[in-house]
Amino acid sequence: MTATRERTVLEAVPTGLLIGGRWRDATGGATLAVDDPATGETLARVADATVADGRAALDAAVAAQADWAAVPPRDRGELLRAAYEKLTARADDFAMIMTLEMGKPLAESRGEVAYGAEFFRWFSEEAVRVGGRYSTSPNGATRLLTMKQPVGPTLMITPWNFPLAMGTRKIGPAIAAGCTMVMKPASATPLTMLALAELLRECGLPDGVLNAITTSSTGQVIEPLIRDPRLRKLTFTGSTEVGRTLLEQASQQVLRVSMELGGNAPFLVFGDADLDKAVDGAVTAKMRNMGEACTAANRFYVHESVAEEFSRRLAERLGALRLGRGTDDGVDVGPLVDAKSRDKVSALVDDAVAKGAKVLVGGSSPEGAGWFYRPTVLSQVPADARLAREEIFGPVAPVSSFTSDEEAVRMANDTEYGLVAYLFTRDLSRALLVSEALQFGMVGVNQGIVSNPAAPFGGVKASGVGREGGFEGIEEYLETKYVGLAL
Ligand code: NAP
């Protein structure tokens, strides 16, 4: 990939605020820098919204709501379908933008574009399937009618790790349901979302339906919107820490919320597992997005009879991966997003080693520019190591062993999080019984990836509330109204 091509792609991305269908500068003209995590160099500057700009975005969403809700579902579906086609046709450009601002290898970015676009296709089909019901009350005296209506103006906040898919997973169902939006992408990776907002505009999304703002004063700009009684829903994907703060703010007006928060996924390998599949699954569950995924396997619990072999094979696979700038050919692992993330990963590994864990591969950062950390496998990790409790968000696989199914389930559930768990076994009964016992919103059986637009994605406990994707995804943007008819 040449620098010229990178420049051409970047220059086509809008850098303003999209408010009421018009791109404009922030009030006062301030901008914020978007950096390349592989080099630390600034790629672009985008508008740095003020509190007044944030309010203007909500004003536009509120003004557009009634007309948008009245657009026929088929038309909203067709618009989503057109956006799916356009995004797919422009996959290479979107992948390039994402790799430049976020760091993941181009092949992974292309995978995210395909995954992210699928939410538009899925919800283009769901838009025309929203229905209510009609029934007779048990005493026969009345008729019960339910109708589904759009929730209304929705504030969307997304993280930097999946700059496209975390947005389309929200925008798709909101468009299908007839909600207007204020979208705020992460400050580290706003370019993908700004390019997507422009793509939706080109597809004919009416003015004011999607408003996009970028800001470095995140808390100050967002809190007044959450407290504004015209806002009807908040949907957030990000850390549990920030999610808790937003839930407190949202409680004031009892705002409808969806929260996709942090994870601490256990990865269970039973003694009867197909080890080839388990190692493949482990590489996927650990290394997707350099480990910077809420679904990343964070703790590996392996039956004592296969723990050594599994760890050795996983170390061989991770040790063979090539680090580098995501735009370069043959690169498997990009940099972490910033210095803070890399230092956190490094500190977690040092803590585990100090408490007795053994480094099988990796365990350090390479010299030179960029926030790289070597893919790492640790064995004999003690339960009191910090990385058994905290989200690592990096390419580190800590392995511990267990002796019984009960112990494996107890260790897996011993966390405040509950997003996803993975298990590998050839025994169907064990797979089902352990799936039932795991306190997680999603379980991957003999597979290291669960994300699928047709499935309800989401967590329990401190991993959040609500589901994205699947039949459930559109419900998050609909209210159920009941009408009683006396005869
Ligand atoms: P983060 O720090 O919580 O930030 C997420 C978003 O929240 C960003 O847009 C950020 O804006 C915004 N934000 C931060 N402070 C805010 C405040 N006071 N008020 C309003 N908005 C605020 O999380 P992150 O580091 O970007 O993402 C990593 C986290 O996301 C991990 O914990 C990961 O597990 C989680 N995640 C969860 C899922 C899921 O589906 N469950 C998916 C992906 C990621 P700025 O960028 O401007 O700070």
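Inspect region 143-156 for any residue being of a type outside the set (Val, Ile, Thr), within 16 Å of the ligand (Cβ to nearest atom), in contact with a Ser or Thr (Cβ under 7 Å, 6 or more places away or on another chain) and assigned by TED's automatic domain parsing to the domain that holds residue 96 and give the result as yes or no. Looking for residues that are of a type outside the set (Val, Ile, Thr), within 16 Å of the ligand (Cβ to nearest atom), in contact with a Ser or Thr (Cβ under 7 Å, 6 or more places away or on another chain) and assigned by TED's automatic domain parsing to the domain that holds residue 96, one finds at least one in region 143-156, hence yes. Checked against (1) under 19 Å from residue 297 (Cα atoms); (2) surrounded by fewer than 21 Cβ atoms within 10 Å (Cβ to Cβ); (3) among the hydrophobic types (A, V, I, L, M, F, W, C), residue 339 passes all but a single condition, namely (1).
The set of residues in region 220-244 that are in a helix (DSSP H, G or I), within 10 Å of the ligand (Cβ to nearest atom) and touching a residue at least 24 places away in the same chain (Cβ under 8 Å) comprises 220, 221, 222, 223, 225, 226, 240, 243.
Checking each residue in region 419-441 for being part of a helix (DSSP H, G or I) and either within 15 Å of the ligand (Cβ to nearest atom) or among the hydrophobic types (A, V, I, L, M, F, W, C) (or both) picks out 428, 431, 432, 433, 434, 437.
Let's see how each residue does on (1) within 16 Å of the ligand (Cβ to nearest atom); (2) within 25 Å of residue 464 (Cβ to Cβ); (3) over 28 Å from the mean Cα position of the chain (by Cα); (4) not small (Gly, Ala, Ser):
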{"position": "368", "(1), (2), (3), (4)": "no, no, yes, no"}
{"position": "371", "(1), (2), (3), (4)": "yes, no, no, yes"}
{"position": "375", "(1), (2), (3), (4)": "no, no, no, yes"}
{"position": "396", "(1), (2), (3), (4)": "yes, yes, no, yes"}
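Restricting 203, 179 to those that are buried (at least 24 other Cβ atoms within 10 Å of the Cβ), touching a residue at least 60 places away in the same chain (Cβ under 8 Å), in the same structural domain as residue 222 (by TED's automatic domain parsing) and away from the ligand (no atom under 13 Å from the Cβ) reduces the list to 179. Just one of the listed residues (403, 415) is among the polar types (S, T, N, Q) and either closer than 30 Å to residue 37 by Cα or crowded, with 22+ Cβ neighbours inside 10 Å (or both), and it is 415. Kindly indicate the residue of region 206-219 that is crowded, with 23+ Cβ neighbours inside 10 Å and under 27 Å from residue 247 (Cβ atoms) and also farthest from the ligand (Cβ to nearest atom) among those meeting that condition. Within region 206-219, the match that is farthest from the ligand (Cβ to nearest atom) is 209.
Looking at region 187-199, can you tell me whether even one residue there is surrounded by 24 or more Cβ atoms within 10 Å (Cβ to Cβ), farther than 22 Å from residue 474 by Cα and within 9 Å of the ligand (Cβ to nearest atom)? So far as region 187-199 goes, yes, one or more of its residues are surrounded by 24 or more Cβ atoms within 10 Å (Cβ to Cβ), farther than 22 Å from residue 474 by Cα and within 9 Å of the ligand (Cβ to nearest atom).
Each row is one residue, and each column tells you yes or no for (1) crowded, with 23+ Cβ neighbours inside 10 Å; (2) assigned to a strand (DSSP E or B).
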{"site": "443", "(1), (2)": "no, yes"}
{"site": "450", "(1), (2)": "no, no"}
{"site": "453", "(1), (2)": "no, no"}
{"site": "473", "(1), (2)": "yes, no"}
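Within region 268-286, the set of residues being in contact with a helix residue (DSSP H, G or I) (Cβ under 7 Å, 6 or more places away or on another chain) and either within 16 Å of the ligand (Cβ to nearest atom) or β-branched (Val, Ile, Thr) (or both) comprises 269, 279, 283. Summed over region 4-13, residues that are surrounded by fewer than 17 Cβ atoms within 10 Å (Cβ to Cβ) and part of a loop (DSSP other than H, G, I, E, B) total 1. The residue pairs whose first member lies in region 337-355 and is in the same structural domain as residue 385 (by TED's automatic domain parsing), whose second member is surrounded by fewer than 16 Cβ atoms within 10 Å (Cβ to Cβ) and hydroxyl-bearing (Ser, Thr, Tyr), and whose beta carbons are closer than 8 Å, counting only pairs six or more residues apart or on different chains, are 346/364. For region 32-80, a residue qualifies if it is modelled with pLDDT of 95 or more and part of a loop (DSSP other than H, G, I, E, B), and the qualifying residues are 48, 49, 50, 71, 72.
The values are calculated or read from the model by the stated rules, or taken from the named source; none is laboratory data. What you are looking at is a predicted structure, and each value in this text was computed from that prediction instead of being measured. In this analysis, Cβ positions are derived from the backbone assuming ideal geometry, glycine residues included, and neighbour counts consider all displayed protein chains.
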